[in-house]
1. Of a type in the set (D, E, K, R) and farther than 28 Å from residue 413 by Cβ: which single residue out of 315, 370, 378, 362 fits that description?
2. Which ones in segment 348-389 are within 16 Å of the ligand (Cβ to nearest atom), charged (D, E, K, R) and surrounded by fewer than 24 Cβ atoms within 10 Å (Cβ to Cβ)?
3. Condition first: within 14 Å of the ligand (Cβ to nearest atom) and either open to solvent by 30 Å² or more (accessible area, probe 1.4 Å) or in contact with a helix residue (DSSP H, G or I) (Cβ under 6 Å, 6 or more places away or on another chain) (or both). Now tell me which residues in segment 295-311 satisfy that.
4. From the set of residues in segment 278-292 that are open to solvent by less than 10 Å² (accessible area, probe 1.4 Å) and within 11 Å of the ligand (Cβ to nearest atom), which is farthest from the chain's Cα centre (by Cα)?
5. In segment 214-248, which residues are more than 20 Å from residue 171 (Cβ to Cβ) and not β-branched (Val, Ile, Thr)?
6. Looking only at segment 485-508, count every residue that is in a helix (DSSP H, G or I) and under 20 Å from residue 596 (Cα atoms) and tell me the total.
7. Of 535, 515, which residue is open to solvent by less than 60 Å² (accessible area, probe 1.4 Å) and either touching a strand residue (DSSP E or B) at 6+ places or on another chain (Cβ under 7 Å) or not in a loop (DSSP other than H, G, I, E, B) (or both)?
8. Within segment 268-277, is there a residue that is open to solvent by 20 Å² or more (accessible area, probe 1.4 Å), free of Cβ contacts under 8 Å to residues at least 60 places away in the same chain and more than 14 Å from the ligand (Cβ to nearest atom)?
Amino acid sequence: MAVACQSARVFGPLAAAASAATREELMQGRRRSHGGSSSSSRVSSTEIVRCSFSSSSSLSLLSSSSFLPRRSQKQQALMMRVATLEESKKMMRMRIQCNSSSSMEETSSAAAVQRKKRPQYIPNRIDDPSYVRVFDTTLRDGEQSPGATMTSKEKLEIARQLARLGVDIIEAGFPIASPDDLEAVKLIAQEVGNNVDEDGYVPVICGLSRCNKRDIDAAWEAVKYALRPRIHTFIATSEIHMVHKLKKSPDEVVKIATEMVAHARSLGCQDIEFSPEDAGRSDLEFLYRILGEVIKAGATTLNIPDTVGYNLPSEFGALIGKLKANVPGADNVIFSTHCQNDLGLATANTLAGAYAGARQVEVTINGIGERAGNASLEEVVMAMRCRGQQLLGGLYTGLNTKHIAVASRMVSDFTGMVVQPHKAIVGANAFAHESGIHQDGMLKNKATYEILSPDDIGLIRTDDAGIVLGKLSGRHALKTRLVQLGYELDAKDLDDVFKRFKAVAEKKKNLSDEDLEVLISDEVFQPEALWALSDLQVVCGTMGLSTATAKLVGSDGVQYVGSAMGTGPVDAAYKAVDTIVKAPVMLLEYGMNAVTEGIDAIAHTRVVIRSHDPLTVTHAQTGSQVARSFSGTGASEDVVVSSVRAYVSALNKMLTFRAPRKEVKVVTSSTEPRVSA
Ligand code: KIV
């Protein structure tokens, strides 16, 4: 392997090893086997479609012997999907043909629903009975997913994308959780919360708080800069939570809830959401009582959480219906759904809730969130768009769904939460048709197998003009393609992507849309670069320990060089980086996949790390201190370089958080009440 690494330099050790193997086989006149998935069986260089593995927390697992697939090593749980080249090509052709035929009119009920004008924003009222507000909690509930920590810069980027998408309310965070959280919410309130578009749309910026003054004051401190600020406060109402978590009687809980809603109101906030946590398991009569009281105290939205994802759709729909019918004052507030996905029913429950009268749905991009996640924005919104007219009494949202694909990609990159290929709407296979029968049907009429068009979510997989991007393509062609894909980059980001594009195109003949997207992730969707990988050299193989030399450029512009030995090339390279950065971490997760088929494919790596000296944050619901973990992604045609880029990206994210921070100063403000119009 060491010889191969050095002599076949073009596509990194894996390709070099594969081409060395190919030569060896040719010399021996042996036939290569198809479909082998272990390192000992030969894999044709043209057959690898996707390869990923995850390890436990030890770097030593990434040894050269374990780096290649080996089924027998349980901890590495390596999976390699192998398809014949012919199958892959067929699938690509299919995608191209499906997407190049333009109209969806002749298809089905998925025919595009015209976007209607969004009703004026009034906190406790919506003048169009069919309009459903979309409340996105990716930055709050979504960030509570393990490893999904985002920097303030990343949160701001996501908030901007959510505004492009047109969500009505952005829950930007839990400001009391840490000084970073408060700052991030404030930044979003100041920037995104003041950016009014030509139709008068500007998202409401919301901050979460438990029912106590410190939390509420912190939330107000963060959101008050927005044109439409909202405080969301919650307290548990199920018996199990009141007895075991809060250790409070129902009367005490009602008193706290009403006093705290009144307190939020007294700060000048006119848009107050109240959530009875674990409503899905709470006593109905108690819910009627507490919700009636908080309405009197000034709540304008009542959010009904199925906190533990326990309800079935009929049950959750009935709950919303009963609350609307029996809570005193229900006509003067908006009811909202918040459905966790523990039984895989979050989307179904959310739709059932909306059908029963809820006019706000709480959702996250890609469905990320606590445990099994939350209701997925793209599923709920596209279900309403696809079937709302026919089956949901005409319910609709104000979203411009063409921004969904980019939002999904961004959230996946920033949180490190990979979207499963078969995920509805945004998964890699959501619009792929592989079987012959399906392909045949699609060619005759797309409606045979497609209920939505990829265009509806901004997924444009084919250049209609037939332009293939390669090494001769210029900056303008690249920019045009990126805009078609939904990425509008500023001049500096475009320059960075163009440089990477040129470098990759020198080695890889044609760059697909997937390649371009991964280059954007690697160049643009990255944390502040406190350290940047400049050069890397690795010697690895079966003849001894691997050695690596890494050259990093620090934020001071100075180059630092470090060398180390390791049990494998990635281990050695990570240790070389450690000698420079000197921030001891544990590697919690490592995964790699090839972006497209072919041995010259770009390798995309994701890692999750945690500092030995952990940074903690207050968990919104349990109140406990949770150690933050940080994800990073990297891409390169060379698997080791890709791995190191991901590691440096995660270190940058972690170090950004560790930079000296200001104390949170929560000043109860006497700002004038705002008029939400
Ligand atoms: O799941 C839940 O109950 C929540 C509330 C804070 C709304 O996230």
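The values are calculated or read from the model by the stated rules, or taken from the named source; none is laboratory data. Remember, it's a predicted structure, so these values are computed and weren't measured experimentally. Note that each Cβ is placed from the backbone with ideal geometry, even for glycine, and that neighbours are counted across all protein chains shown. The protein model used for the area step is the full one, side chains on, heavy atoms only, and it has no ligands, DNA or RNA in it. Shrake-Rupley method; radii C 1.70, N 1.55, O 1.52, S 1.80 Å.
1. Working: 370 fails: farther than 28 Å from residue 413 by Cβ; 378 fails: farther than 28 Å from residue 413 by Cβ; 362 fails: farther than 28 Å from residue 413 by Cβ.
Selected residue: 315, the only one of 315, 370, 378, 362 that is of a type in the set (D, E, K, R) and farther than 28 Å from residue 413 by Cβ.
2. Correct list: 370, 371.
3. 299, 302, 304, 305, 306, 308, 310, 311
4. The selected residue is 279.
5. 238, 239, 241, 242, 244, 245, 246, 247, 248, listed by residue number.
6. Total meeting the criteria: 10.
7. Of the residues listed, the single one that is open to solvent by less than 60 Å² (accessible area, probe 1.4 Å) and either touching a strand residue (DSSP E or B) at 6+ places or on another chain (Cβ under 7 Å) or not in a loop (DSSP other than H, G, I, E, B) (or both) is 515.
8. no
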